[in-house]
Amino acid sequence: MDPRSAELDVIDTLAGLTLFSDLSRPQLEAVAHIFEEEVFPEGQRVIRQGFAGPGFYVILEGEASVRVDGEERATLGRGDFFGEVSILLGAHPIADVVAMRPLRCLMLAGSDLEGFLVGFPRVSYRLVQTMARRLQSATQWRS
Amino acid sequence: MAELAPFPPGDYPLVIVGSGAGALQTSYSLSRLGVDHAVISSDDAPAGMFRRFPFFQRLITWTKPYSPMERGTRAYEWHDWNSLIGEEPAHRAQVPGFMDGVSYFPSRPEMEQGLVAFAEAAGIRVRYGCRWESTERREDGFVLGTTDGEYRCHTLVIAVGMTEAWKPSNIEGIEDVPHYVETREGRTYTDRRVFVIGKRNSGFEIADGLLPWAKQVILGSPRPAKISVVTHSTASARARYLQPYEDAALGGGTFVIDAAIERVERTADGWRVHASGTTRPGAMTFDVDDVIAATGFGTPFQDLEGLGVKTFYQGRLPAQTAFWESATVPGVFFAGSITQGAVGLKKYGIPSSSAAVHGFRYNARVMAEHIATARFGIERKREAVDHEDLVEFLLEEATHAPELWNQQSYLARQVTVEPDGSLLDEGIVPLQQFVDGSGPDGVVIAVETDETHDIHPAMYVRKDGRVDEHLLEGDVQLDFRGADHQAQMTSVLKGWLT
């Protein structure tokens, strides 16, 4: 990728994700600088079940598999986020998240998540909305 | 003359491109393992970026001439972040010998002298003045086109550093703004108002260096400044550069602004910077005499992306495996500051120290061992560890191993169980390779700093293919060899060893 267009690419990609859809352009730029970009080759674990200190990730590109004890429970794609549950609860992750093909993410340190969500309340709202949908799906699946 | 220009164009098993700290360490470590290779560089002398930078001529990585550890020992390396690491005493701790006592951060010339001395003492040969210009991938390896001719090899190590001035594309008019590398001598900013774009180390370095000259300095970027004493990472702005931040906090005239820079334009008298606040929203305009883009650096990849080397971080870093090999083009490895692209576990959000010498010098040695084994069939001698010594051995590593302290949650010491039940010391390995890779039962010890700022040993134990994490307690004096730690570790290993 032409590095000159890459900066714009991250901001434009963020603008297209539901989580950040309420943010102004300067706020999107701030998010692009607050988060760090990381890539993971196919097969690499991003979050590890039972390991302390995970981050909060937002997928920009690629797909990831959520696995509990090696068994796949869900797949995640562009715009999906993960890692927030263990950070919010102060617990170790209960699943691995594994790159199914080259995965490009934005990452925020777990200790920075609270400050970020407080500083960007519209992102908090979108995050809660998505978590509510996940809860609804899980509830429907169980019933 | 032949001595001055070794490695003429031709066939070599491995070629290293570069002559900075990463290239020198890689060549040194490969030579000690018996891996034949050539080293080429477009520079005309060793030391890479330290021949010119940091701009204000003082490093941000410490070398303590006097420390609790004896100079020249392995444990002393934790207190000397700038010397390259040698196997023989004459190759160790080169930098402190050149320091004049003004600061425990070496000056740029002291660092350069230390690297040159290392290269000379170790007999590292480099073909200088030989510029890498193109790369071709063939079935049996790579062909490098250079100003001196073609080099063919099956393993390539790129150690050219993140040395290319980089500016973001989303600021209108940024192309006319001088980059950090084009900063003028301090006195030329006398009584001028200067806007510095960027609040990382290079931005704060410029601001700090201009405090005695400029009448006002304004630092601006979208993200609030991150400070090393808060983040526990040398990747954040270092304490020694923070005078401008204190000046801003006290209302002394310096400003540290959280704003997206939208446009920079020339005016009759200087520059006008248009920005939009992020932490505190609102439009802002700054009329200044000078603007400097402290916006970071990229890697001069030449045509590697065309070969299929995947990059990220606005095309500035290559995606890498745990052993610093391209994730997409096998046989291409990276050394030096580029290895920060292999992020490892990044526990608690703390990055590795791979952007700096004190981190990447160890990456280079581990990578050389991996290359020697995986690509040249050279097996390292591994020492046996007695069962009754294992706990003491691992806790001594946690307390004093410089690799574990310089590369926390990133490099680890590994001991493996052989089929007959005996234990072998595998040396220093990438932590990620151990926890995500497969292999026989084993244990590694690492050092980690968590979100509460506690520094403690972390054990990872592999049994029957499953790896579990065991965090030990910290210690106020950072000595993990006492009875409590022995009891904790023994408890973890009890089930594993039986």
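The values are calculated or read from the model by the stated rules, or taken from the named source; none is laboratory data. Here the structure is a predicted model, which is why all the values come from computation and not from measurement. Every residue, glycine among them, receives a Cβ derived from its backbone with ideal geometry; neighbour counts consider all protein chains shown. Each accessible area value is taken on the protein alone, full model and side chains, heavy atoms only, with ligands, DNA and RNA left out. Shrake-Rupley method; radii C 1.70, N 1.55, O 1.52, S 1.80 Å.
Yes/no matrix, rows are residues, columns are (1) surrounded by fewer than 19 Cβ atoms within 10 Å (Cβ to Cβ); (2) not hydrophobic (A, V, I, L, M, F, W, C):
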{"site": "A:Gly55", "(1), (2)": "no, yes"}
{"site": "A:Leu60", "(1), (2)": "no, no"}
{"site": "A:Ala74", "(1), (2)": "yes, no"}
{"site": "A:Met100", "(1), (2)": "yes, no"}
{"site": "A:Cys105", "(1), (2)": "no, no"}
Quiz item: How do the pairs read when you match residues in the range A:30-58 that are without any contact (Cβ under 8 Å) to a residue 24 or more places away in the chain with residues anywhere that are surrounded by fewer than 22 Cβ atoms within 10 Å (Cβ to Cβ) and of a type in the set (A, V, I, L, M, F, W, C), using Cβ under 9 Å and keeping only pairs 6 or more apart or on different chains?
Solution: A:Ala30/A:Leu23; A:Ala30/A:Phe120
Practice problem: Residue by residue through the range B:402-424, note down the ones that are open to solvent by less than 20 Å² (accessible area, probe 1.4 Å) and part of a strand (DSSP E or B). | Solution: B:Leu411, B:Ala412, B:Val415, B:Thr416, B:Leu423
Practice problem: Scan the range A:29-44 residue by residue and report those that are open to solvent by 10 Å² or more (accessible area, probe 1.4 Å) and either aliphatic (A, V, I, L, M) or modelled with pLDDT of 95 or more (or both). | Solution: A:Ala32, A:Ile34, A:Val39
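Consider A:Arg101 carefully, then state whether it is among the basic types (Lys, Arg) and within 11 Å of chain B (Cβ to nearest Cβ).
Numbers: among the basic types (Lys, Arg): yes; within 11 Å of chain B (Cβ to nearest Cβ): no.
Spelling it out, it is not the case that A:Arg101 is among the basic types (Lys, Arg) and within 11 Å of chain B (Cβ to nearest Cβ).
Would you pick out the residues in the range A:107-118 that are within 13 Å of chain B (Cβ to nearest Cβ) and crowded, with 16+ Cβ neighbours inside 10 Å? Break it down stepwise before answering.
Residues of the range A:107-118 that are within 13 Å of chain B (Cβ to nearest Cβ), as a first pass: A:107-116, A:118.
A:Met107, A:Leu108, A:Ala109, A:Gly110, A:Ser111, A:Asp112, A:Leu113, A:Phe116 - these are the residues of the range A:107-118 that are within 13 Å of chain B (Cβ to nearest Cβ) and crowded, with 16+ Cβ neighbours inside 10 Å.
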Quiz item: Considering the range B:454-466 alone, what residues qualify as being at pLDDT below 95 and surrounded by 13 or more Cβ atoms within 10 Å (Cβ to Cβ)?
Solution: B:Lys463
Self-check item: Selection within the range B:118-159 - out of contact with any Phe, Trp or Tyr (no Cβ under 9 Å at 6 or more places or on another chain) and in a helix (DSSP H, G or I)
Solution: B:Glu120, B:Ala121
Quiz item: Looking at the range B:346-358, is at least one residue assigned to a loop (DSSP other than H, G, I, E, B), touching a helix residue (DSSP H, G or I) at 6+ places or on another chain (Cβ under 9 Å), at the interface with another protein chain (Cβ under 10 Å from one of its Cβ atoms) and open to solvent by 10 Å² or more (accessible area, probe 1.4 Å)?
Solution: yes
Practice problem: Give the range B:306-323 a look and list any residue that's open to solvent by 20 Å² or more (accessible area, probe 1.4 Å) and part of a loop (DSSP other than H, G, I, E, B), or say none. | Solution: B:Gly308, B:Lys310, B:Tyr313, B:Gln314, B:Thr321, B:Phe323
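Suppose we filter B:Asp287, B:Asp258 for residues that are of a type in the set (D, E, K, R) and within 14 Å of chain A (Cβ to nearest Cβ); which single one remains? Steps first, answer last, please.
Working: B:Asp287 fails: within 14 Å of chain A (Cβ to nearest Cβ).
Matching residue, one of B:Asp287, B:Asp258: B:Asp258.
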Practice problem: Just give me the residues in the range A:37-80 being touching a Cys at 6+ places or on another chain (Cβ under 9 Å) and either more than 14 Å from chain B (Cβ to nearest Cβ) or part of a strand (DSSP E or B) (or both), in sequence order. | Solution: A:Glu37, A:Glu38, A:Val39, A:Phe40, A:Val46, A:Tyr57, A:Val58, A:Ile59, A:Leu60, A:Glu61, A:Ala64
Quiz item: Out of all the residues in the range A:130-142, is one or more away from chain B (no Cβ under 11 Å), over 21 Å from B:Leu345 (Cα atoms), β-branched (Val, Ile, Thr) and in contact (Cβ under 8 Å) with a residue 24 or more places away in the chain?
Solution: yes
Quiz prompt | Among the residues listed as B:Arg200, B:Arg193, B:Arg152, B:Arg187, the single one being among the basic types (Lys, Arg), out of contact with any strand residue (DSSP E or B) (no Cβ under 9 Å at 6 or more places or on another chain) and open to solvent by 20 Å² or more (accessible area, probe 1.4 Å) | solution = B:Arg187
